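Contents: one structure, followed by commentary.
The values are calculated or read from the model by the stated rules, or taken from the named source; none is laboratory data. Quick caveat, the model's predicted, so the values are computed rather than measured. When we count neighbours, we look across all protein chains shown, and the Cβ atoms used for this are built from the backbone with ideal geometry, even at glycine.
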Amino acid sequence: MGGAHFAFTDRWGGVSAVPYEELNLGGAVGDDPAAVRANRAAAADSLGIDADRVVWMNQVHGRDVAVVDGPWGPGAPVPSVDAVVTARRGLPLAVLTADCTPVLLADPVAGVVGAAHAGRPGLVAGVVPAAVAAMVSLGAEPGRMTAVTGPAVCGRCYEVPAEMREAVAAVVPRARAATSWGTPSVDVVAGVHAQLAAAGVTDLRRSPVCTRESRDHFSYRRDRVTGRLAGYVWLGDDPDGRGGMTT
């Protein structure tokens with residue numbers, strides 16, 4: 001295992017029952033905790049990582065970032081943040097989503113990775129630039145970073161009131177969009193990529209999956225009561241490798 005590794009789950013291959021079927025990885029959506037633990041173990045096993053070392057977040061749609069060097073201890077509170085970064089090789093970071101944009105970042109040369117949760121509020125608050133800045137503080141360089149955004153609701157499907165769209169566009173103009181049926185919308189993925197480019201990140205990659213359109217993925221906007229997908233990022237031992245991506 002070398003370089004940077006990026007992975008995103010879909011909804012299949014787990015043990016959760018309706019309406020969380022099957023591979024729900026979210027622990028705060030009403031699912032059976034035992035099922036969530038089994039799903040997290042299965043997902044980690046499929047990626048060749050240790051489920052007990054994965055760093056999760058208590059996501060609150062803000063811009064706070066936690067710098068970590070290991071998993072939270074048993075019984076320790078999980079901080080309310082929307083991004084985590086680390087300079088510890090082999091430590092997997094995870095982000096949960098069900099329409100919001102999962103953002104995975106890596107500078108393999110510096111040995112620094114990050115994961116961020118960017119919904120509409122987080123986009124406006126600037127969680128992604130904050131994550132990039134936190135990685136820079138650990139020695140990363142934006143020009144060396146790879147940024148990958150995973151499955152998320154697309155601008156053609158994320159309908160919002162006109163006033164909300166204009167409020168977002170006033171902060172992130174690239175997020176201004178319209179639905180496929182002609183009403184105001186927000187394109188969070190486009191906004192995130194614009195913020196990454198403005199921060200100096202040039203290796204930008206994105207999943208083509210719209211969660212609202214794909215029945216293989218959880219979507220809060222489509223189903224309301226539903227599970228959560230996860231994005232994972234970690235570094236192996238080869239600083240020159242870019243690693244692989246699984247979607």
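When the range 114-131 is filtered for residues that are within 24 Å of Pro71 (Cα to Cα) and touching a helix residue (DSSP H, G or I) at 6+ places or on another chain (Cβ under 6 Å), the ones remaining, listed by number, are Gly114, Ala116, Ala118, Val128, Pro129. If you check Ser137, Ser185 for being over 18 Å from Phe8 (Cβ atoms) and touching a Phe, Trp or Tyr at 6+ places or on another chain (Cβ under 7 Å), only one passes: Ser185. Tell me yes or no: at least one residue of the range 69-80 is in contact with a Leu (Cβ under 7 Å, 6 or more places away or on another chain) and surrounded by fewer than 24 Cβ atoms within 10 Å (Cβ to Cβ). Scanning the range 69-80 turns up at least one residue that is in contact with a Leu (Cβ under 7 Å, 6 or more places away or on another chain) and surrounded by fewer than 24 Cβ atoms within 10 Å (Cβ to Cβ).
Assess whether Arg205 counts as being surrounded by fewer than 17 Cβ atoms within 10 Å (Cβ to Cβ) and either more than 20 Å from Asn39 (Cα to Cα) or at pLDDT 95 or above (or both). So Arg205 fits the description; yes. Name the single residue, out of those in the range 28-68 being surrounded by 15 or more Cβ atoms within 10 Å (Cβ to Cβ) and of a type in the set (Lys, Arg), that is nearest to Val124 (Cα to Cα). Per the stated criteria, the residue is Arg63.
Residues Arg53, Arg89: which one is basic (Lys, Arg) and over 26 Å from Val192 (Cβ atoms)?
Selected residue: Arg53, the only one of Arg53, Arg89 that is basic (Lys, Arg) and over 26 Å from Val192 (Cβ atoms).
For residues in the range 210-226 being more than 17 Å from Asp187 (Cα to Cα) and under 15 Å from the mean Cα position of the chain (by Cα), which is surrounded by the most Cβ atoms within 10 Å (Cβ to Cβ)? Once the filter is applied, the top-ranked residue is Phe218. Cβ-Cβ contacts under 6 Å between residues 6 or more apart (or on different chains), taken from a first residue in the range 179-201 that is more than 18 Å from Arg120 (Cα to Cα) to a second residue that is assigned to a strand (DSSP E or B), are listed as Val201/Ala147.
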